[in-house]
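Computed from the coordinates by the stated procedures, all read-outs in this text should not be read as laboratory data. Just so it is clear, the model here is predicted, and its values are computed rather than measured. Cβ placement follows ideal geometry from the backbone for every residue including glycine, while neighbour counts extend to all protein chains displayed.
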Amino acid sequence: MGTNKNKRISREEVEHVAWLAHVNVSEEEKDAFTEQFNKILGFFRKIDEADTEGVPPTYQVLDLVNVQRLDEVGESLPKDESLRNAPRKEERFFKSPRIV
Amino acid sequence: MPKPYELSATEAATKIKSQELMSEEYLHSIFERIKEAEGKVHAFVTLVEEKALAKAKETDNNIRKRRKTGVLAGVPVAVKDNICTRGVLTTCSSRMLRDYVPPYDAAVVERLSGEGAVVVGKTNMDEYAMGTTTETSFFGATRNPWNQRKVPGGSSGGSAAAVAAGEAPLALGSDTGGSIRCPASYCSVAGLKPTYGLISRYGLISYGNSLEQIGPLAGNVQDLALLLSVISGHDGRDSTSADLPTKDYTALLGKGIKGLRVGVPQEFLGEGVEEGVKDSVWKAIKKLESLGCAYEELSIPSMGYALAAYYIVAMSEASSNLARYDGLRYGFREERDEGDWATVYAADRKEGFGTEVRRRIILGTYALSAGYYDQYYLKALKVRTILRRDFEKAFRSFDVLVGPTMPLLPFSLGEKIDDPLTLYMCDILTVPANLTGCPAVSVPCGFRDGLPIGLQIMGKPFDEEKILQVAHAFEQNTEHHLRKPNI
């Protein structure tokens, strides 16, 4: 997507990405973040200069591939231990806000 | 006679085993020291005095009865607050996890207990380990024991400050982009970022999971190697854990370093590095030369892209790792009339996370989003490959690479916190080890205006023994590590 090059990020985009990330941002923060993000992204674009033609990405540095183990049932946490840190619970369930 | 809290971990462990020192007496001395220093330093989020003293008593009893004890029997350790401790608050210095009590121990904590170490408390950090100063903690900043107006470095600032101030001889930190080495440098202690995969991350609260490792901090290299030996080793619960036999990392200490080839990357001593820092580091390089090493300058051309690539990868991983904080199973959830899930989730994450954490989540989401993925995230991963190749090439000619740990001396609290990019720039010399997976250690190498300077020694993957050998030789032939802050 070469068309994105050097494009400034707008306040509306910051709002939109914050929404995608499920993180609320105050009105003042939207202004501050917009300015800071433009500086930071401008700095990030430094990597555009690197010649990465034919270079594969490094997702992780170990040469491990698909570490597997036997599907054996191990010990699991007792119910009350699992629920101990839940801010809201009912009987033996985590209580979620309305989903639909 | 030094007070017990002034002993090194190695000395203390020996004295406890020979019953020359009771672990209980030692722990009393440590907690007295903590009470003396904490008001000035604020290294801890949580202290567990009662539990620690009970464990110390038990240790003394076992030794008296000649029962088998571990290599760290009765020795106190401070643990960074992003490492899970069963039954003890683990907050990540965040409001989000303010009340979180893990139902299990991290693998490293199990190993510590297995060798008889006593956890004294959980140390302060930048919120979710995202920072270079320990100022973003929800519980307030940690201060540098050498000068309380200065930052201690971060994000493991509490761990480094605790060791420097004599509040614990050993500490665990985590290092995603320099978070062990930076505070080690700024507080004049030793700190190691191990090779990616050497230490189990099971029970470490994830931030940048392809970059980070748990690692040791200590007052000297012998103690550092001892702690590393205890916490390293394969663990099936971490799928990125390397399946290698365990080692005694103290074995090569004291062996000469004559003939070792030391590389000095020009990019580590160029523009942006303070004169006082350059000076001390060059003196350190000459010291290594006087000990029989041959040094040579080299260039790592991709260094110019390392910092940008690092922050793109770290933020992208952060946005994914922190998506789990939904306030359901654990974490902050405000009392309110609940709306739909998405509204509640986004609102609680605003209240639960601080500004820097949200900044990174949003930027990471941006770098991973459709239309920008190739330009930022994928490009950064390709740059990571180039950097790895450059370091691999360098390690074909050199046993270790050395340079400063930090480009700047410890700066003032509040000085850079409002300008994120300027703060990110401070990590330029530490992030390469995380992007490449290489081990790197920081050891004290001097002072300027009463503020500490750290020497960074990098090695090739799984060559911890060699960098520790060099660090130890340097330390034993200099006196910087013997200086203690007046606190």
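Only the Cβ atoms of Lys and Arg (+1) and of Asp and Glu (-1) were treated as charged; on that basis the dipole of the range B:243-384 about its Cα centre amounts to roughly 560 debye.
Taking max minus min of the alpha-carbon positions on each principal axis, chain A gives extents of 53, 44, 23 Å, largest first. Summary of the geometry: the range B:112-159 and the range A:13-76, compared by the centres of their Cα atoms, lie 25 Å apart. What does the net charge come to around B:Lys247 if you take all other residues with beta carbon closer than 13 Å to its beta carbon, with K and R at +1 and D and E at -1? Summing Lys and Arg as +1 and Asp and Glu as -1 gives -3. Residues whose amide H falls under 5 Å from that of B:Cys445, counting only those 5 or more places apart or on a different chain, are B:Ile453, B:Gly454, B:Leu455, with hydrogens built in the peptide plane. A P(r) calculated from all alpha carbon pairs of chain B, with 20 Å bins opening at zero, reads 26, 59, 15, 0 percent. Amide hydrogen proximity for A:Lys89: with H placed 1.01 Å from N in the peptide plane, the residues at 5 or more positions away or on another chain lying under 5 Å are A:Lys95.
Assuming 1.002 mPa s and 20 °C, estimate D for the range B:274-330 with Stokes-Einstein, Rh taken as the Kirkwood radius over Cα pairs, in µm²/s.
Details: Rh = 15.6 Å.
Diffusion coefficient, whole number: 137 µm²/s.
Inverting the mean 1/r over all pairs of different Cα atoms, compute the Kirkwood radius of the range B:150-283 and quote it in Å. Before the final figure, lay out each step's value.
On the way: mean 1/r = 0.0618 Å⁻¹.
Final number for the Kirkwood radius of the range B:150-283 is 16.2 Å.
Selection among B:Ala78, B:Ala160, B:Thr10 by position relative to the dipole of the range B:4-254 gives B:Thr10 as farthest towards the positive end (Cβ unit charges, Cα centre).
Please express the shape of the protein assembly as shown as an equivalent ellipsoid: the semi-axes are the square roots of 5 times the eigenvalues of the C-alpha gyration tensor, given largest first in whole angstrom.
Values: eigenvalues 244, 195, 97 Å².
Ellipsoid half-lengths, sorted descending, are 35, 31, 22 Å.
Amide H contacts of B:Val88 (H built 1.01 Å from N, in plane; Pro and chain starts excluded): no residue 5 or more places away or on another chain comes under 5 Å. For chain A, modelled as a GNM whose springs connect Cα atoms under 10 angstrom apart, the maximal fluctuation among A:Ala32, A:Ala21, A:Ala86 occurs at A:Ala86. With angles folded into 0 to 90 degrees, how steeply does helix A:11-20 sit against the dominant principal axis of chain A? Use alpha carbons for both and round to 10. Taking Cα atoms only, the helix is inclined about 20 degrees.
With a/c under 1.5 counting as rounded, go ahead and sort the range B:4-254 into rounded, prolate or oblate using the C-alpha gyration tensor (a ≥ b ≥ c being the square roots of the eigenvalues; past the cut-off, prolate if a/b is larger than b/c, else oblate).
Numbers: a/c = 1.44, a/b = 1.16, b/c = 1.24.
Verdict is rounded for the range B:4-254.
By the compact-protein rule of thumb, 2.2 N^0.38 Å, the alpha-carbon radius of gyration of the range A:1-50 corresponds to a ratio of 1.23.
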